[in-house]
Amino acid sequence: MSRRETFHCDVCGVERKESNHWFLVFLHEASGHGSPAVSIQPWDFRDACMQGTQHACGHPHACVLAERRFDERQTQRLSEGAQ
């Protein structure tokens, strides 16, 4: 019996069905200067299963997740600088 993976939008919680307009959002360090970078890419099942990947049911929610990731990283950098 094969295992069926289910995914939900990290903004609104809707479950992914067989549509192709979903996106994946990643936060990583930009090469060369350590600044945060956000990548948004079209749906890929293997990448969707990676730890730290966020799932978006469409372009607007991908933008929301990217903004949240930048905000989280900026808050983290500010708190590190205050110490």
Worksheet item: In the stretch 6-35, which residues are out of contact with any Leu (no Cβ under 7 Å at 6 or more places or on another chain), open to solvent by 60 Å² or more (accessible area, probe 1.4 Å), of a type outside the set (A, V, I, L, M, F, W, C) and touching a residue at least 40 places away in the same chain (Cβ under 8 Å)?
Response: H8
Response to the item:
Scanning the stretch 1-16 for residues that are closer than 14 Å to A48 by Cβ, of a type outside the set (S, T, N, Q), assigned to a loop (DSSP other than H, G, I, E, B) and at pLDDT 90 or above gives F7, C9, D10, R16
Worksheet item: Just for the stretch 41-83: of the residues that are charged (D, E, K, R) and crowded, with 16+ Cβ neighbours inside 10 Å, which one is farthest from A30 (Cα to Cα)?
Response: R68
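The values are calculated or read from the model by the stated rules, or taken from the named source; none is laboratory data. Predicted model, so just to flag it, every value in this text is computed and none were measured. No Cβ is skipped: glycine too gets one built from the backbone with ideal geometry, and neighbour counts run over all protein chains shown. SASA here: full protein model, heavy atoms, side chains in, ligands and nucleic acids out. Shrake-Rupley method; radii C 1.70, N 1.55, O 1.52, S 1.80 Å.
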